[in-house]
Amino acid sequence: MIELRSYSPEQTQLLGSYLGRLAQENDVFLLTGDLGTGKTCLVQGVAHGLGITEYAFSPSFVIVREYHGRLPLCHIDLYRLDRMAEVADLGLEECLYSNRVCAVEWAEKGLAVWPQNNLLIRLDYGSDYETERIIRLKSEGQRHSELIDELKLILSREKTWNWL
């Protein structure tokens, strides 16, 4: 597990870009946190790290958007859904199991349907509600444990990250 402090949307995007650079086929990033904590911002960074030039915005009204870069990114936003059955009925298997990277906002609404191998990313407000965020990354499965180890190496080379 990694716990970090981000002091700006740009820093949150930078973390996402590292994840995008490290991403492999079938990686699943599950993002949780209150409204406005930076979930979409982090996914925008993932898209950048995957070499996607298109602007990644929240797919709240369409639920799923796909972008194409080094690997396809399936960006899922469950904000508008209320019940687990709605999530299960979406038929997300194509996104989750077909050589894409998946980033799921409001993932807590469907925790029972996600692959067991994933990276759970929790974003919370810090003491400075305007700009500071606490970001916790927890791996489930060998692949995502390796990803966290690689991410730690990248972050340890930089002086800009505040570890908790």
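No value in this document is a laboratory result; all are computed from the given coordinates. Everything numeric here is computed off the predicted structure, so don't read it as measured data. Backbone-built Cβ (ideal geometry, glycine too); neighbour counts: all protein chains shown.
Observations on the structure shown:
- Chymotrypsin sites (Phe, Trp or Tyr not before Pro) restricted to the stretch 93-134 and DSSP loop, no more than 16 other C-beta within 10 Å: Tyr97, Tyr129
- Partners of Lys159 within straight-line reach, counting lysines whose Cα lies under 29 Å from its Cα and excluding those fewer than 8 residues away in the same chain: Lys39, Lys138.
- For Thr160, neighbours were defined as the other residues whose beta-carbon sits under 11 Å from its Cβ, and their charges (Lys and Arg +1, Asp and Glu -1) total +1.
- Among the trypsin sites (Lys or Arg not before Pro) in the stretch 1-73, those located in a DSSP loop and surrounded by at most 13 other Cβ atoms within 10 Å of their own Cβ are Arg70.
- The chain: antiparallel DSSP beta bridges as a percent of all, rounded to 5: 60
- Local electrostatic count at Arg65 - Lys and Arg +1, Asp and Glu -1, tallied over other residues with Cβ under 10 Å: -3
- Least to most buried among Ser127, Ser6, Ser145 (fewest other Cβ within 10 Å first): Ser127, Ser145, Ser6
- The overall shape of the stretch 2-59 is rounded: from the C-alpha gyration tensor, with semi-axes ordered a ≥ b ≥ c, the ratio a/c is less than 1.5.
- Taking the stretch 2-163 and dividing mean pair separation by its residue count, relative contact order in percent (alpha carbons under 8 Å, at least six apart): 32
- With helices as the sole contributors, the chain gives -8500 deg cm²/dmol at 222 nm; each DSSP H run of n ≥ 4 counts as -39500 (n - 2.57), and the sum is divided by every residue.
- Here the residues Val46, Val28, ranked from fewest to most Cβ neighbours within 10 Å of their Cβ, fall in the order Val28, Val46.
- In order through the stretch 139-156: 3J(HN,Hα) via Karplus (6.51 cos²θ - 1.76 cosθ + 1.60), integer Hz, x for Gly, Pro: 8, 10, x, 4, 4, 6, 5, 5, 4, 5, 4, 5, 5, 4, 4, 4, 5, 5
- Between the beta carbons of Thr53 and Glu158, assuming R0 = 30 Å, the FRET efficiency works out to 0.75 to the nearest 0.05.
- Against the chain, whose longest principal axis is taken from its Cα atoms, helix 9-22 shows a tilt of about 70°.
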